[in-house]
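Please read the structure below before turning to the comments.
Throughout, read-outs are computed from the coordinates displayed, never taken from laboratory work. Every value quoted in this text rests on a predicted model; they were computed, and no experiment measured them. Don't worry about glycine lacking a Cβ; one is built from the backbone with ideal geometry, like all the others, and counts go over all protein chains shown.
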Amino acid sequence: MTMIDKIKEHIEEAKAFNTKNKEALENFRIKYLGSKGLLKELFTEFKNIPNDQKKDFGQVINTLKTVTEEKVKSIQEELESKEEVKGVYGDLTRPSEPITIGSRHPISLVKNQIIDIFSTIGFNVSEGPEIEDDWHNFTALNLPEYHPARDMQDTFFIAEHVLRTHTSSVQIREMEKGKLPLRLVMPGRVYRNEAVSARSNCFFHQIEGLYIDKGVSFADLKQTLYYFVQQFFGEGTKVRFRSSYFPFTEPSAEMDIWAGLETEENRRLTKGTGWLEVLGCGMVHPNVLEACNINSSEYTGFAFGMGIDRITMLKYGINDIRDLFVNDKRLLSQFSGV
C-alpha cells in the first residue's frame with residue numbers, strides 16, 4: 001500500500017468519525033491537527049517525496065486537512081449548541097442585541113491563499129524582522145554602499161538601521177544558516193518612503209519565494225510561477241515574461257498576466273496594454289550566494305516577489321490602496337463570509 005493510499009484511508013476514517021464526547025473529539029483533533037499530529041508529520045515528509053508525486057501527495061494531504069478541520073468544527077458546534085440551551089427561553093442573560101462577528105482582512109485572505117498554493121509544491125513559510133541592518137537589506141543582496149541601484153528604493157532609516165524595503169532580507173537570513181536545499185515563501189510588511197496615493201503607500205505587504213538546490217534552472221522558475229497563476233487567477237490565464245533588472249538576480253524578469261481590454265477599468269488598470277505586471281523574478285545572483293557562503297558553482301536558485309496589496313486590489317476590485325488600511329467596517333464586513 002502506497003503512502004497516498006494510507007492517507008486516503010485516514011480521509012475516510014475522518015469522514016466517518018462522530019462523537020458526543022468532548023474528550024473523544026479533542027483526542028481526534030490532536031491525532032490529526034495537533035503540533036505532533038499526523039498532518040504535521042505528513043507535511044514534514046512532503047519534502048522527501050519525488051517531484052513527480054508531489055502534486056498528488058499535496059492534494060490528498062490538503063484534503064485530509066480540510067476534512068478533519070471541518071469535522072472538528074461541525075462536532076464542536078453541535079456540542080456547544082446543546083450546552084447553550086438553558087430552559088424554555090434559552091439563556092436570559094444574553095445581550096438583547098446580536099454581537100457582530102468580525103471578519104478576516106482581505107490582505108490576510110489573499111496572503112493565506114498564496115501560501116496554501118505554494119505549500120502544495122513544497123514551499124515552507126519563513127519570517128524575519130521588520131527593522132533590519134544594512135547588510136541584510138542591501139549589501140548581501142549585491143547592493144554595496146554607493147551602488148546606484150540603492151536609489152531604486154526610498155528608505156526609512158532608524159539610526160544605523162532601516163525599515164526593511166523588501167522581504168528579501170529574510171532570504172539572506174535563511175541562506176546564512178547553510179541548511180540546503182531551501183524552498184521557502186516569506187510574507188511580511190515592508191516600508192518605502194513614497195508618496196501615498198490610490199496606487200501606492202509608504203508601507204505595504206510582500207511575499208517572496210526562494211528555491212536553492214543543485215541544478216535549479218530558469219525553466220523551474222517559470223513552471224513554478226505558471227502553476228501559481230493557474231491556481232490563483234484561474235485555468236487558462238495568459239502569462240508573459242519580460243526582461244528586467246534587479247541587482248540580486250541575473251537574469252531577471254517581470255511577469256505579467258493578461259487582464260484584457262474589454263472594460264474601461266481594465267484599460268485604465270493596464271494603461272491600455274491589457275497586460276498587468278504582478279511580480280518580479282530571476283535566478284539568484286552568484287554574488288548573493290557567495291555572500292552567504294553558498295558555492296555558486298555547485299548550487300543555483302531562483303527568487304520571486306509580489307505585492308500582496310496590489311493582488312488583493314485586483315482580486316476584489318478595490319480601486320484605492322488606502323481603502324485597505326482605514327478600518328472602514330463597510331469594506332471589511334464584505335469579507336465576513338469569505
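Below 8 Å, C-alpha to C-alpha, sequence gap of six or more: please give me the relative contact order for the chain in percent.
16
When Glu77, Glu26 are arranged by Cβ crowding within 10 Å, least crowded first, meaning fewest neighbours, the order is Glu77, Glu26. Cβ-Cβ distance of Glu70 and Tyr146, R₀ of 56 Å, FRET efficiency by 1/(1 + (r/R0)^6): the value works out to about 0.50.
By the count of other C-beta atoms within 10 Å, a proxy for reagent exposure, Thr312, Thr120 are ordered fewest to most as Thr120, Thr312.
Gly282 sits among other residues whose Cβ lies under 10 Å from its own Cβ, and their net charge, with Lys and Arg +1 and Asp and Glu -1, is -2.
Please arrange Val185, Val284 by counting, for each residue, the other beta carbons lying within 10 Å of its beta carbon, fewest first.
So the ranking, lowest neighbour count to highest, is Val185, Val284.
Working from Cα pairs under 8 Å separated by at least six residues, relative contact order for the range 1-147 is 26 percent. The label point for Asn18 and the one for Asn62, both projected 7 Å from the Cα toward the Cβ, are 3.0 nm apart. Under the convention that each Lys and Arg Cβ holds +1 and each Asp and Glu Cβ holds -1, the size of the dipole of the range 3-84 around its Cα centre is about 280 debye. Size of the range 215-338 from its Cα atoms: along the principal axes, largest to smallest, the extents are 54, 32, 24 Å. Of the chymotrypsin sites (Phe, Trp or Tyr not before Pro) found in the range 1-90, those that fall in a DSSP loop while having at most 10 other beta-carbon atoms within 10 Å are Tyr89. Near His166, the amide H atoms lying under 5 Å from its own belong to Tyr191; only residues 5 or more places off or on other chains count, and H is placed 1.01 Å from N. Taking Cα atoms of the chain, Rg/Rh with Kirkwood Rh, to two decimals? Reported Rg/Rh (Cα atoms, Kirkwood Rh): 1.02. Dipole magnitude for the range 107-335: about 620 debye, using +1 per Lys or Arg Cβ and -1 per Asp or Glu Cβ, origin at the Cα centre.
Summarising the overall dimensions of the range 3-84 from its C-alpha atoms, the Rg and Dmax are 14.2, 50 angstrom.
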